[in-house]
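Working notes, structure below.
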Amino acid sequence: MIFFDLDDTLYDQMSPFRQAFEEVFYEEKFQTIDLIELFEHRQGFSIEAYSMFTRGEITKLEMFSYRLCRSFEAMGIEITEKQALDFQEAYQGFQETIELDEEMVKVLDECVMNQLPIGILSNGEDLHQWKKIKHLNLEKWFKKEHIFVSGAIGYDKPDRRIFDYVEKQIGLPASELCLVGDNFENDVMGASGAGWKTVFLNKYRLDTSKLRQANYEITSSSELKQLIEHL
C-alpha cells in the first residue's frame, strides 16, 4: 500500500508561499532573498514550532511568528512579528487556490485504475489539513479511512508511533507499506525507521549523499508515475 504525504507532495506548497512573500515582503531589501532557501528554513522551523505548539508551550499565533522570524534570522535578516503574521494571513489565503498538478492527477488515476491501495499520512492540525484535502477533492482517489492526520492521532512524523498506529488501523505489516514524501527527516527517515519502503520526492534537489538513502529518489511527479508499477 502506498501512502502519500500531503504538503508539497500532493500539491505544490511553494506556490502559495511565493505569492504570500511577494505580497508582504515587497521592499527592495527583500528582493535578493533566495526563496527556496527561505522555504527550506521554514520547513525545518515549522517542525520545531509545531512540536512546541502541541506541547502547549506556545500559542498558534506564536507558532506562526516563530517559524518565519527564525527562518529569516537564519539568513541574517530580521522581520517583525507583524510581518510574520501578515505573511501567515496571506499564505492561508493563497492556499485557497492550491491545486493538484496534472502529473500528480495521472499518478493517482494510475493507482486507482490498477487497484493499488493508497492513503495519505500528513503532519498538521486535523481541521486545517482536512480543509486542504477537501479543497483538492482528494477523496475522489483516497478512501476516508485511509487518510491519517497527525493532529488527530497525537503523534507526528517522524515519531515511530504514528507509523505503528497506521499499520494497526489498516491491518498491514510495515513490509507492505511505502511512503512518498518531500521531507527527508519526517518522511524518509521516519518511515524507513519504522520498516516502510520510502520514495523521496526531492523537488529542490537537496544533497542527500551523506544521509540514509531512500529506497527510491525522484525529483518530479512525472518520475513517480513511472515508478509506481515497481512499488
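The values are calculated or read from the model by the stated rules, or taken from the named source; none is laboratory data. None of these values were measured; they are calculated from a predicted model. Positions of Cβ are generated from backbone atoms using ideal geometry, with glycine treated the same way; all protein chains shown enter the neighbour counts.
Some notes on this structure:
- Restricting the range 152-177 to residues that are touching a residue at least 60 places away in the same chain (Cβ under 8 Å) and surrounded by fewer than 19 Cβ atoms within 10 Å (Cβ to Cβ) leaves a set whose member that is nearest to Val199 (Cα to Cα) is Glu176.
- Scanning the range 194-221 for residues that are modelled with pLDDT of 95 or more and outside any strand (DSSP E or B) turns up Ala194, Gly195, Trp196.
- From Gln83, Gln43, residue being buried (at least 16 other Cβ atoms within 10 Å of the Cβ), at negative phi, out of contact with any helix residue (DSSP H, G or I) (no Cβ under 7 Å at 6 or more places or on another chain) and assigned to a helix (DSSP H, G or I): Gln43
- When residues of the range 113-133 are limited to those that are of a type in the set (D, E, K, R) and in a helix (DSSP H, G or I), the one surrounded by the most Cβ atoms within 10 Å (Cβ to Cβ): Lys132
- Residues (among the acidic types (Asp, Glu) and not in a helix (DSSP H, G or I)) located in the range 134-156: Asp156
- Among the residues making up the range 131-144, none is touching a strand residue (DSSP E or B) at 6+ places or on another chain (Cβ under 7 Å) and more than 15 Å from Leu108 (Cα to Cα).
- When Lys106 is tested against the conditions (1) closer than 20 Å to Ala152 by Cα; (2) touching a helix residue (DSSP H, G or I) at 6+ places or on another chain (Cβ under 6 Å), the lone failure is (1).
- Enumeration of residues in the range 13-35 that are β-branched (Val, Ile, Thr) and touching a residue at least 40 places away in the same chain (Cβ under 8 Å): Val24, Ile33
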